[in-house]
Amino acid sequence: MKRRTAGTSVGLLVVVCLALVLSMVYPFSTSEPHAVKDEQFTAVEGDEYHVSGAITIDGDEYIVLEEAVVEDGARYQSLTVENLQSVSYQAGPCEAVYTRSKYPDEDDVDQILERIEEREDQHILRVDRDGEGVVFVTREENTDDCAVKVGSTASVLVDNLRETNYERVQESPEEHVYEPRNGWFDGGYRITDSSGQVRADPDSYTVTAADVSYTVIPKRKPT
């Protein structure tokens, strides 16, 4: 499949509402979540792109992401997962990776710092404790084959888009537009109240923009 990722800017927003139903009738058949048959959404990748997006659960931001790769190979990522925050930067493909991390729980951080100190390729540059958490900066050296880099997390956002089925409602040589659909799915959960759109490359199905919300109702466990 053809990839058109150079200079791509992607915006993603996945809003998930979790619901627990005390009793329900389980359907006789379920379907496996996907986009349209043979059309699976993929995350952006390549030598140059910019991604920003978030996953919100019950009104609270669970994941907030911004990452970019520029033409000369420099990489940047800002990632917040619940109340854990990190910002990473790499000046080039074979350069060291600098990361600034913020943790609210000092006990968890002490264990992390101990593991870092045991490594030869990663160094602690600074540790700040202000009574409300710990902020520390690390440098991770690259390897002889330049394997160390700021990783991509965009696939996490795209994976959450795949929780339900979609119908293609528009298509053109430049993009396809999909809308989410409700239903029962393998794994024993139900999607309701779905809305929004996903825009994707018509050849690679790389998501170029998404703003989707839905409610997940898990199957009631037998008592």
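The values are calculated or read from the model by the stated rules, or taken from the named source; none is laboratory data. This one's a predicted model, so the numbers in the text were calculated from it and none came from an experiment. All Cβ positions, glycine included, derive from the backbone under ideal geometry; neighbour counts span all protein chains shown. What goes into the accessible areas is simple: the full protein's heavy atoms, side chains included, and nothing from ligands, DNA or RNA. Shrake-Rupley method; radii C 1.70, N 1.55, O 1.52, S 1.80 Å.
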Just the number please: accessible area per residue for segment 129-175, 1.4 Å probe, all protein chains included, in Å². 57 Å²
If you add up the charges near Glu167, with Lys and Arg at +1 and Asp and Glu at -1, over every other residue whose beta carbon is less than 9 angstrom from its beta carbon, what do you get? +1
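Quick check: residue separation of Asp108 and Glu171 times 0.36 nm, minus the Cα distance between them. What number comes out in nm? Kindly include the intermediate steps, with their values, before the conclusion.
Values: separation 63, 0.36 × 63 = 22.68 nm, distance 4.86 nm.
Extra length from Asp108 to Glu171 when fully extended: 17.8 nm.
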From the Cα gyration tensor of segment 26-137, with a ≥ b ≥ c the square roots of its eigenvalues, which class applies: rounded if a/c is under 1.5, or else prolate if a/b is larger than b/c, or else oblate? oblate
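Working out 0.36 nm times the residue gap between Lys219 and Asp128, then minus their Cα-Cα distance, what length gain in nm do you get to one decimal?
Details: separation 91, 0.36 × 91 = 32.76 nm, distance 4.52 nm.
Fully extending the segment from Lys219 to Asp128 adds 28.2 nm.
For segment 80-171, which GluC sites (Glu not before Pro) are in a loop by DSSP, counting at most 13 other Cβ atoms within 10 Å?
Values: sites: Glu82, Glu95, Glu106, Glu114, Glu117, Glu118, Glu120, Glu132, Glu140, Glu141, Glu163, Glu167, Glu171; in loops: Glu82, Glu95, Glu118, Glu120, Glu132, Glu141, Glu163.
Counting only loop positions with at most 13 other Cβ atoms within 10 Å, the GluC sites (Glu not before Pro) in segment 80-171 are Glu82, Glu118, Glu120, Glu132, Glu141.
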Distant-in-sequence amide H partners of Tyr62 (H built 1.01 Å from N, under 5 Å): Ile55, Thr56, Ile57
Working from the alpha-carbon coordinates of segment 49-203, get Rg over Rh, Rh being the Kirkwood radius. 1.06
